[in-house]
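The values are calculated or read from the model by the stated rules, or taken from the named source; none is laboratory data. All of these numbers come straight from a predicted model, not from anything done at the bench. Glycine gets a Cβ as well: all are built from the backbone with ideal geometry, and neighbour counts include every protein chain shown. We work out accessible area using only protein heavy atoms, side chains counted, and drop any ligands, DNA or RNA first. Shrake-Rupley method; radii C 1.70, N 1.55, O 1.52, S 1.80 Å.
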Amino acid sequence: MSDEKMKITLHVWRQKGPSAPGELKTYKVDNVNPHMSFLEMLDVLNEELLQKNEDPIAFDHDCREGICGMCSMVVNGRPHGPRKATTTCQLHMRSFKSGDEIYIEPWRAKAFPIIKDLMVDRSAFDRIIASGGYVAVHTGGAPDANALPIGKKDADEAFDYAACIGCGACVAACPNASAMLFVGAKVAHLGKLPQGEVERRSRVLNMVHTMDTEGFGACTNHGECSASCPKEIPLEAIMTLNRDYARASFSGDE
Amino acid sequence: MELNARIPAGPISEKWDKHRFELKLVNPANKRKFKIIVVGSGLAGGSAAATLAELGYDVDCFCFQDSPRRAHSIAAQGGINAAKNYPNDGDSIYRLFYDTVKGGDYRAREANVYRLAQISNNIIDQCVAQGVPFAREYGGMLANRSFGGAQVSRTFYARGQTGQQLLLGAYSALERMIGAGKVKMHPRTEMLDLVLVDGHARGIVTRNLITGAIESWAADAVILATGGYGNVFYLSTNAMGSNVTASYRCYKRGAGFANPCFTQIHPTCIPVSGDYQSKLTLMSESLRNDGRVWVPKKAEDCRKRPREIPEEDRDYYLERKYPAFGNLVPRDVASRAAKEAVDSGRSVLAGSPAVYLDFGNAIRRDGEDAIRDRYGNLFDMYERISGENPYETPMRIYPAVHYTMGGLWVDYNLMSTIPGLHVLGEANFSDHGANRLGASALMQGLADGYFVIPYTIGHYLATAKQPKVSTDHAAFKAAEEAVKGRLKRLLSVGGDKSVDYFHRTLGVDILWEYCGMARNEAGLKKALQLIPELRERFWKEIRVPGSASELNIWLEKAGRVADFLEFAEILCLDALNREESCGGHFREEHQTADGEAKRDDHKFAYGAVWEYKGDNQAPALNKEQLSFEYVKLATRNYA
Amino acid sequence: MSAPKKTAKRGLAGLMDSTIGAKILMALTGFVLVGFVVQHMVMNLQLYAGPEALNSYAHNLKHMMGGGFVWGGRAFLLACIAIHIQMAMKLTNRNRDARPQRYAAGQRTQVTSYAAQFMALTGVVILLFVIYHLLHFTGGVVQPDNFHVLDAEGRHDVWRMVVTSFKDPATSIAYIVANIALAFHLSHSVTSMFATLGLQSGRYRPILAKVGPAIAAFVLLGNLSFPISVLAGLVHI
Ligand SMILES: Cc1cc2nc3c(=O)[nH]c(=O)nc-3n(C[C@H](O)[C@H](O)[C@H](O)COP(=O)(O)OP(=O)(O)OC[C@H]3O[C@@H](n4cnc5c(N)ncnc54)[C@H](O)[C@@H]3O)c2cc1C
Ligand code: HEM
Ligand code: HEM
Ligand code: SF4
Ligand code: F3S
Ligand code: FES
């Protein structure tokens, strides 16, 4: 693999605040090392901006290893950039070539208002979980962990859904800015396990209700969400959500 | 400084039960009248905030990320220990206790560790009830594996994402309480000071990271669960935002800081690839089960392609030096051996240190599919980061800072030397001594949050009987002014160097160099001379643009680095003071003839607790003497 | 104590309130509409069997249950279309609002189809077509000369009406364009319908993914064949 430095032209969305107008601004970054991560490339740019006394580009990030779900930017029209199953923080510059023009924008959705530049407010996701994305057990008094056997297949499938990192790329990728994959992932995770069974109906009704009030779009089955999901949450999550929702709506019990 | 550990009397197995009975209770109807501040939403903070709210307390919880779910606990990979003995391989509470004290190289408090082992089983029950999808056997029972060289299989895991799943469990419990209006969550809010009234911790001062607003919060007790300070080394496996600020500010307000030099270096991380590097990524320890660690015998072979180096020219140094444990020696031993190999001029990466972790043998023996099945995720991650295919060419790895055993000193009730200030999780010093065993940090964080603090804080609240205070109190105003003054100072330096420059110099050029995997007196003295110089330059040459009343990423970082620059000094002081080698702390002067760590139990079987004495004044050293009644002091031996 | 503050409504009221409920209604009404379109195409194949077959079919249908069957069917279809469109508008507007600002660099989609992206547009084309079509073949407003013809037995000569109309290339082209729009709409919507009901699941997923395009192609081939055969002179008076 070559270690040659690359020259990249960036077009970055700059926006001072939630209601300020924003625009794409162009920056040239030379000396990009192909082994750099995408965010390290932005660090280098911010360092240059500092020297020029310009406002640094604000973007969210924390773990930089693809697990916290904090990083969130649309790179060349795709949430988290061109690599499949890869968050922006795990994207490396070797996925690009010298001379490339790269467009960087924030997640765009009414439910995720822009805070500044590439940073958005994803607290709507927390409110969705707060409305039902849990098993209501108090601490203490849980039965022995092995008292309730759970088949390996169910446990593994539950895990596939539980792997969601809450990044919001599904919303950013969905042409309707719908949060169905995120909500479906939680509903399917808990629905696969006996622990989640008791609250199954109220959970799905309440979570969907919150999802709607937060202003996310509806699902028209584009499938873009799953294709952009860094954790490859399957569309099956949405099927489960739809089924559970229909069943819960028509069932009488509380 | 009074260091009363408040260890209950009686046989070790009965201490916690007895203590729980003796703790005073808060009347259920009164609980809602008590406000508790929880700083941190990781495993420790998240579980504490949720549980306290369930009990009826009025909780305010803070974190600097945009959601409590993103606390750094999310990154833990390997697993969580518990003494369930499901595999029936001879585990027990006593054995877990014993292993943890021994693994910590006899620098932890026995009573705390025993309680931890007792509670470990409840944690697994609790998490399963929450819907945490632990790995299972075909029969539907929970699966266990042996981890970090343990002789029994006591580690519960959820693929390579155990921390994530446990945190999401705690997070869901926390969100439930937020939804019920019992917890008020303050994300993107950073604690910048602790407020004391009449000697008790009564609140905090925070900065809203979006608006820049400086705000005060008053409470009846404060819980700090702000994680470790590994980022003082600049490059570590910690998240970018991990910091020492919260703990350090408490230290400056009078909380003792214990054993700051006890830092853990993890042997299998992806090596540094250039000076733009912002963080290091851990590769799970489980890789050492099948991977063989080596470097070329001859330095001139290092630039050759690994497959071109014949077997006889390779130095499988762990297998050579430790024939019994081979590649599975404990973390500190493996890390030091890697450093030794690299220091002998045999790094396998141009321009930065690295050794090979080779799966060639395992692939030939078990087939590529079997290896893919076991480590597929990790191999993919390695490829994403390094751009190399580990099925074809050996991985390159090198140790990196990973965990900090040191932290604020706490008694058996997890209360610091400041009444009312309780410290949980990685932020305290309590259970791991000089070295943490794999899969025991998650256990400790959740034990503290779910099962210890809910009892002990009640006792504090029921007995402290402090009057209500509001944020109008002069102490809050004074703390706010101090915080504002500091931010203003950072903004007004107007130099030309970035925060990262200072952070990198401190971490990489000073701490990693002189207080890293191996330490010696001359180096530590050098570091203690360099740190104040760098700090002085920081306050003259730093450039922090923008203002304090807006989202300002440079300002956030600058505040954290300013604290690291002060804290690094106590870290080195502690390392200099501790004239022995134990656990993660290796003093070159104190080693056996064959290069193993040599403890000095006679002189150093104590927790070193540093007390702030004023700026530009040496901190005072206090000692909590440790006594070992149940675990026999012995020399660790892996040869 | 820990119950969430906002509890969702249940039953039909809740369903009408939510996006998933609206989608379920669209799917159910869509199912009826698809059923109509498919049977309509199949029955129209009688065009190739000559005037007698088609005309008597049309005649019998119209007089079934003293005309009640047709009127009942019409009312039901109308209701379905009304609900379908109402929900379509509601959701389409909502989805537009949900992304007030688009990606300046354009969004790079990976798996979705043109059909899925232009549902509202194809839907509107279909609506306009249906209005035109009703004015044409059911109301006789558009080409009254073609409409007001009776066959030898005094029945409405549907066969002759259709064939004469399609002889006009402009009319044929209108039908062809509309049917292409319909095919797009169906190719996404039929699969989507199963997904909305949560049925495009597990091992049925890949099969159902093909059902939409298959039905769309089937209806398209049948419906296009009519104007094309007439234009090509294969069917002539
Ligand atoms: C890569 C990696 C892998 C690991 N793997 C394992 C493993 O397999 N098994 C194991 O047992 N342990 C493992 N560990 C260690 C373990 O993950 C941590 O020790 C543990 O999760 C710490 O939890 P915590 O709750 O104490 O702190 P954290 O999870 O770090 O949470 C800190 C919280 O405090 C908040 N905070 C910090 N500072 C401030 C401030 N100034 N103001 C406001 N809020 C603040 C943060 O927002 C966050 O919410 C691993 C660690 C790493 C880095
Ligand atoms: C004005 C007329 C129409 C409009 C505006 C319209 C619009 C829409 C829209 C926006 C959708 C949702 C798209 C999606 O799920 O991806 C949809 C779905 C659908 N439409 Fe239509 N449509 C119209 C007429 C028709 C007609 C005439 C039929 C039948 C032939 C039909 C059948 C369907 C079906 C089966 C669905 C799938 C429902 C679902 O996804 O659950 N539509 N329509
Ligand atoms: C080339 C294709 C088509 C042909 C040849 C055709 C032919 C006809 C004819 C002849 C009638 C009148 C029957 C009668 O009055 O007895 C009719 C009615 C109708 N057609 Fe079509 N049609 C075609 C396509 C469509 C399509 C694509 C749709 C809907 C999307 C449609 C919807 C209707 C409706 C709603 C009626 C009225 C039924 C009623 O009387 O209630 N048709 N069609
Ligand atoms: S479903 Fe995937 S894309 Fe959506 S929030 Fe979860 S991890 Fe991110
Ligand atoms: S992309 Fe959007 S439309 Fe549905 S299938 Fe995914 S939420
Ligand atoms: S920064 Fe944590 S997922 Fe990217």
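Observations on the model:
- Filtered residue count, the range A:189-239, keeping only those that are more than 12 Å from ligand 4 (Cβ to nearest atom) and either closer than 18 Å to A:SER249 by Cβ or more than 7 Å from chain C (Cβ to nearest Cβ) (or both): 28
- Qualifying position, being in contact (Cβ under 8 Å) with a residue 40 or more places away in the chain and over 23 Å from B:THR635 (Cα atoms), among B:ALA108, B:ALA143, B:ALA150, B:ALA83: B:ALA83
- Against the conditions (1) touching a strand residue (DSSP E or B) at 6+ places or on another chain (Cβ under 8 Å); (2) modelled with pLDDT under 95; (3) among the acidic types (Asp, Glu), B:ASP290 satisfies every one except (1).
- The listed residues are B:ASN243, B:ASN238, and the only one of them that is within 13 Å of chain A (Cβ to nearest Cβ), open to solvent by less than 20 Å² (accessible area, probe 1.4 Å), within 14 Å of B:GLY407 (Cα to Cα) and more than 16 Å from ligand 3 (Cβ to nearest atom) turns out to be B:ASN243.
- Residues of the range C:11-54 satisfying the condition of being facing chain A (nearest Cβ under 9 Å) and open to solvent by less than 50 Å² (accessible area, probe 1.4 Å): C:GLY11, C:GLY14, C:LEU15, C:SER18, C:THR19, C:ILE20, C:GLY21, C:ALA22, C:LYS23, C:ILE24
- Scan of the range A:71-105 for residues that are in a loop (DSSP other than H, G, I, E, B), open to solvent by 10 Å² or more (accessible area, probe 1.4 Å) and within 16 Å of ligand 6 (Cβ to nearest atom), ordered by number: A:PRO82, A:ARG83, A:LYS84, A:ALA85
- Scanning the range C:180-224 for residues that are of a type in the set (Ser, Thr, Tyr) and modelled with pLDDT of 95 or more returns C:SER187, C:SER189, C:THR191, C:SER192, C:THR196.
- Residues that are within 16 Å of ligand 5 (Cβ to nearest atom) and open to solvent by 50 Å² or more (accessible area, probe 1.4 Å) within the range C:114-142 comprise C:TYR114, C:GLN117, C:PHE118, listed in sequence order.
- Hits in the range A:197-211 (condition: within 12 Å of C:SER18 (Cα to Cα) and open to solvent by 20 Å² or more (accessible area, probe 1.4 Å)): A:HIS209
- Qualifying residues in the range A:1-32 (those that are surrounded by 10 or more Cβ atoms within 10 Å (Cβ to Cβ) and in contact with a helix residue (DSSP H, G or I) (Cβ under 9 Å, 6 or more places away or on another chain)) - the one modelled with the lowest pLDDT: A:ASN31
- Residues that are part of a loop (DSSP other than H, G, I, E, B), within 8 Å of chain A (Cβ to nearest Cβ) and under 24 Å from A:PRO143 (Cβ atoms) within the range B:45-91 comprise B:LYS84, B:TYR86, listed in sequence order.
- Long-range neighbours under 7 Å by Cβ, at least six apart or interchain, first residue of a type in the set (Val, Ile, Thr) within the range B:224-241, second assigned to a loop (DSSP other than H, G, I, E, B): B:THR226/B:GLY40; B:VAL232/B:VAL244; B:THR237/B:LEU280; B:THR237/B:THR281
- Between C:MET89, C:MET64, the distinction of being free of Cβ contacts under 8 Å to residues at least 24 places away in the same chain, more than 30 Å from A:ASN76 (Cβ to Cβ), in a helix (DSSP H, G or I) and within 14 Å of chain A (Cβ to nearest Cβ) belongs to C:MET89 only.
- Listed conditions (1) assigned to a helix (DSSP H, G or I); (2) out of contact with any helix residue (DSSP H, G or I) (no Cβ under 6 Å at 6 or more places or on another chain); (3) modelled with pLDDT of 90 or more; (4) within 23 Å of B:GLY584 (Cα to Cα) are all met by B:GLU319, apart from (2).
- Of the helices (runs of 4 or more DSSP H) that lie entirely inside the range A:157-247, those containing 3 or more residues that are more than 16 Å from ligand 2 (Cβ to nearest atom) span A:169-173, A:180-191, A:200-213.
- Looking across the range B:136-182, the residues that are at the interface with chain A (Cβ under 8 Å from one of its Cβ atoms), among the hydrophobic types (A, V, I, L, M, F, W, C) and open to solvent by less than 20 Å² (accessible area, probe 1.4 Å) come down to B:LEU142, B:ALA158, B:LEU168, B:ALA173.
Let's see how each residue does on (1) in contact with a Phe, Trp or Tyr (Cβ under 7 Å, 6 or more places away or on another chain); (2) assigned to a helix (DSSP H, G or I):
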| residue | (1), (2) |
| --- | --- |
| C:ALA152 | no, no |
| C:THR171 | no, yes |
| C:SER187 | no, yes |
| C:PHE194 | no, yes |
| C:SER201 | no, no |
| C:LEU208 | yes, yes |
| C:ALA217 | no, yes |
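Every residue, every condition in (1) over 15 Å from the mean Cα position of the chain (by Cα); (2) within 27 Å of C:LEU186 (Cα to Cα); (3) away from ligand 1 (no atom under 16 Å from the Cβ), yes or no:
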residue: C:VAL38; (1), (2), (3): no, yes, yes
residue: C:GLN46; (1), (2), (3): yes, yes, yes
residue: C:GLY50; (1), (2), (3): yes, no, yes
residue: C:HIS59; (1), (2), (3): yes, no, yes
residue: C:LYS62; (1), (2), (3): yes, no, yes
residue: C:ALA75; (1), (2), (3): yes, yes, yes
residue: C:MET89; (1), (2), (3): yes, yes, yes
residue: C:ASN95; (1), (2), (3): yes, yes, yes
residue: C:ARG99; (1), (2), (3): yes, yes, yes
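- Residue count for the range B:276-311, restricted to those that are free of Cβ contacts under 8 Å to residues at least 12 places away in the same chain and either buried (at least 23 other Cβ atoms within 10 Å of the Cβ) or among the charged types (D, E, K, R) (or both): 4.
- Test: residue in the range B:514-530 that is under 22 Å from the mean Cα position of the chain (by Cα), open to solvent by 10 Å² or more (accessible area, probe 1.4 Å) and modelled with pLDDT of 95 or more: yes
- Of all residues making up the range C:221-237, the number that are buried (at least 20 other Cβ atoms within 10 Å of the Cβ) and either within 14 Å of chain A (Cβ to nearest Cβ) or within 16 Å of ligand 2 (Cβ to nearest atom) (or both): 1
- Residue in the range A:35-55 that is assigned to a strand (DSSP E or B), out of contact with any Phe, Trp or Tyr (no Cβ under 6 Å at 6 or more places or on another chain) and not aromatic (Phe, Trp, Tyr) present: yes
- Residues satisfying the stated conditions in the range A:104-119, i.e. β-branched (Val, Ile, Thr) and facing chain B (nearest Cβ under 9 Å): A:ILE115
- Among the residues here, A:GLU47 qualifies as over 23 Å from A:PRO79 (Cβ atoms), at pLDDT 95 or above and facing chain B (nearest Cβ under 8 Å).
- Candidate set: the range A:126-143, residues that are touching a residue at least 12 places away in the same chain (Cβ under 8 Å) and more than 7 Å from chain B (Cβ to nearest Cβ); chosen: the one surrounded by the fewest Cβ atoms within 10 Å (Cβ to Cβ): A:ARG127
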